[in-house]
Ligand SMILES: C[S@@+](CC[C@H](N)C(=O)[O-])C[C@H]1O[C@@H](n2cnc3c(N)ncnc32)[C@H](O)[C@@H]1O
């Protein structure tokens, strides 16, 4: 069975539906956001954008690491996630969909730093999204989940990953930025029971609720999944225009 790239409105719906649970089901994304902020080389930026900001992991890590800024723009296509993002004197929260041209117009050359953690795997057309992102800021630091996330699970269910392989992501950044550097990180998240493992997938926002398996298929998958952990793979990107 093949699953095509999921239509974005349903991804946003899933994030909105589970927005209140997000902070309890996002251990890996929390770690990824922290690692991303540790890669920053300056202690001050003029204007920062956070693409797919969610409930504010990036903002919180900037504050905790004493990285200052004059302005911070938190951008997300889920109103519910934006509501949960911290407010602040220097913070602007804005509804923004990285799959649509509308929001990009106002952002051109606005930022010296564009950040994005655990969100851009849901770009419907990564080539198009990154071509636009390259125009809004001179420096980009991001983390994107790759198709090796849930690899064994996808193999067991005979489904294709709905997200991009790392090689495809790299090609896109090489095309639109002058210089791009990459790091791959792999993570394992262990569970006591299969029930907890499958519950996590539903609520974490990593899958975006991607699989539409029947009840019978899901039951078979739970029985046959050979691991007591989930696999994640993240590509870290540092790119300059
Ligand atoms: C896994 S969460 C990551 C949130 C946050 N960056 C973090 O590290 O915790 C992914 C976020 O991307 C947002 N998102 C998904 N598709 C989007 C789109 N097309 N445009 C803007 N935001 C999107 C979701 O609403 C969600 O808040």
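Against the chain, whose longest principal axis is taken from its Cα atoms, helix 194-204 shows a tilt of about 30°. Against the empirical curve 2.2 N^0.38 Å, the C-alpha radius of gyration of segment 80-141 lands at a ratio of 1.15.
If R0 is taken as 35 Å, the Cβ-Cβ distance between residue 34 and residue 105 corresponds to a FRET efficiency of 0.60. Computed from the Cβ-Cβ distance with R0 of 41 Å, the FRET efficiency linking residue 27 to residue 124 stands at 0.95.
Annotation: the residues 34, 105, 233, 168, sorted from fewest to most other C-beta atoms within 10 Å of their own C-beta, follow the order 105, 168, 34, 233. Evaluated at q = 0.08, 0.09, 0.10 Å⁻¹, a Debye calculation over the C-alpha positions of the chain (equal weights, vacuum) places log10 I(q)/I(0) at -0.29, -0.36, -0.45.
Per residue, the average separation of C-alpha pairs within less than 8 Å and at least 6 apart gives the chain a relative contact order of 24 percent. Ordering 32, 91 from the fewest to the most neighbouring beta carbons within 10 Å gives 91, 32. Of the residues 119, 74, 156, the one that moves most in a GNM of the chain with alpha-carbon contacts below 10 Å is 156.
For segment 62-168, the relative contact order works out to 20 percent when only alpha carbon pairs closer than 8 Å and six or more residues apart are counted.
For the chain, the longest principal axis of the C-alpha atoms and the axis of helix 166-176 are separated by about 20°. Using the rule -39500 (n - 2.57) for each DSSP H run of four or more residues, divided by the residues of the chain, the 222 nm mean residue ellipticity is -10000 deg cm²/dmol. Relative to the dominant Cα principal axis of the chain, helix 8-17 is inclined by about 80°.
When each of the peptides 37-43, 75-81 is scored by how many other beta carbons lie within 10 Å of its residues on average, the order from highest to lowest is 75-81, 37-43.
Just want the ordering: 67, 184, 130, 144, from fewest to most Cβ atoms lying within 10 Å of their own Cβ.
Ordered from fewest to most neighbouring Cβ atoms within 10 Å, 67, 184, 130, 144 come out as 184, 67, 130, 144.
Any read-out appearing in this document is the output of simple, stated calculations on the displayed coordinates, not a laboratory observation. On a predicted model such as this, the values are computed, not experimentally measured, just so you know. Virtual Cβ from ideal backbone geometry, glycine too; neighbours counted across all protein chains shown.
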